[in-house]
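A short write-up of the structure that comes next.
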Amino acid sequence: NFKLFIFDLDGVLTESSEQHFLAWKKLSDELGISIDEKFNDQLKGISRMDSLERILANGGIAENYSKKQKEDLAARKNEYYVSMISQFTEENLNDGVRELFSKLKKHNILIAIGSASKNAPLLLKKLNIEKYIDYIVNPKNLKSKPAPDIFLNAANKWSIEPRDCVGIEDSVSGISSIKSAGMFAIGIGDQKVLNQADIVYKQTKEVNLLDLLK
Ligand code: BG6
Ligand code: MG
């Protein structure tokens, strides 16, 4: 009896995962490191600072930068990202999302956002879907995915048992996070990559609520 659906944002509700990648790629190019889409799979779902650390480590240059310099690099990436999504509107909402939200409301199922992104409130506003959302997890003082904390934070908001919650994610770290929270995990993407999920759909519009509620 599912009572709460917790959605990841980037790569689930909109394809902003591409802009995250392009912004990291721009920064990496400037630092003389090359990253590709496959390496990017590791960056999906994890925090801004953790992503930067992985990129620098991948380039073998993590030791070259002080804490302050790393903060500046992360801020620079965020500037690129925010400017890349500046043109986003509700046209960027993935197909099927609004319909899925409406169906969840009809079944009296709560909707939360469990994103690692500090830009989540801005992006939800641009996508014009704030009215469907009952709660947005603030990732600020929570452990990053794959720790369960972000998903558990949403369940705790209403003291809902994890087994009554569904998490929806496009990242490997996110699926691990949902599973270690003890929730039902829906993967969006490639079954081979997201093999820890309970069910995987290629795209968000394929999520079949009635099947899941059976
Ligand atoms: C996640 C994305 O949702 O948020 C990552 O999958 C991103 O790519 C992370 O790095 C942090 O986002 P932000 O907007 O706080 O830098
Ligand atoms: Mg994601």
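The values are calculated or read from the model by the stated rules, or taken from the named source; none is laboratory data. Fair warning: this is a prediction, and the values are worked out from it, not measured in the lab. Because the Cβ atoms are built from the backbone with ideal geometry, glycine has one as well, and the counts that use them run over all protein chains shown.
On the basis of being free of Cβ contacts under 8 Å to residues at least 24 places away in the same chain, basic (Lys, Arg) and touching a Leu at 6+ places or on another chain (Cβ under 9 Å), does ARG76 make the cut?
no
Of the residues LEU194, LEU210, LEU152, which is more than 12 Å from PHE7 (Cα to Cα), modelled with pLDDT under 95 and in contact with a helix residue (DSSP H, G or I) (Cβ under 9 Å, 6 or more places away or on another chain)? Even if it seems obvious, please write down each step before you answer.
On the way: LEU194 fails: modelled with pLDDT under 95; LEU152 fails: modelled with pLDDT under 95.
Of LEU194, LEU210, LEU152, the one residue that is more than 12 Å from PHE7 (Cα to Cα), modelled with pLDDT under 95 and in contact with a helix residue (DSSP H, G or I) (Cβ under 9 Å, 6 or more places away or on another chain) is LEU210.
For segment 158-183, give me each residue that is β-branched (Val, Ile, Thr) and either without any contact (Cβ under 8 Å) to a residue 24 or more places away in the chain or assigned to a helix (DSSP H, G or I) (or both). Within segment 158-183, VAL172, ILE175, ILE178 qualify. With respect to (1) more than 22 Å from LYS179 (Cα to Cα); (2) touching a residue at least 40 places away in the same chain (Cβ under 8 Å); (3) assigned to a helix (DSSP H, G or I), the lone exception for PHE88 is condition (3).
Output the residues belonging to segment 6-33 that are more than 11 Å from GLY174 (Cβ to Cβ), near ligand 1 (Cβ under 9 Å from one of its atoms) and hydrophobic (A, V, I, L, M, F, W, C). Within segment 6-33, PHE21, ALA23, TRP24 meet the criteria. Check whether at least one residue in segment 179-199 is surrounded by 18 or more Cβ atoms within 10 Å (Cβ to Cβ), among the acidic types (Asp, Glu) and within 16 Å of ligand 1 (Cβ to nearest atom), and report yes or no. No; the residues of segment 179-199 include none that is surrounded by 18 or more Cβ atoms within 10 Å (Cβ to Cβ), among the acidic types (Asp, Glu) and within 16 Å of ligand 1 (Cβ to nearest atom).
Residue check: is ALA116 within 20 Å of GLY182 (Cβ to Cβ), assigned to a loop (DSSP other than H, G, I, E, B) and small (Gly, Ala, Ser)?
Working: within 20 Å of GLY182 (Cβ to Cβ): yes; assigned to a loop (DSSP other than H, G, I, E, B): yes; small (Gly, Ala, Ser): yes.
Taking the combined requirement at face value, the residue satisfies it.
Picking from residues in segment 115-157 that are in contact (Cβ under 8 Å) with a residue 24 or more places away in the chain and β-branched (Val, Ile, Thr), the one that is nearest to ASP95 (Cα to Cα) is ILE129.
Filtering segment 11-49 to residues that are among the acidic types (Asp, Glu) and away from ligand 2 (no atom under 16 Å from the Cβ) leaves ASP29, GLU30, ASP36. Only residues that are more than 16 Å from ligand 2 (Cβ to nearest atom), assigned to a helix (DSSP H, G or I), without any contact (Cβ under 8 Å) to a residue 24 or more places away in the chain and not hydrophobic (A, V, I, L, M, F, W, C) were counted in segment 50-73, giving 9.
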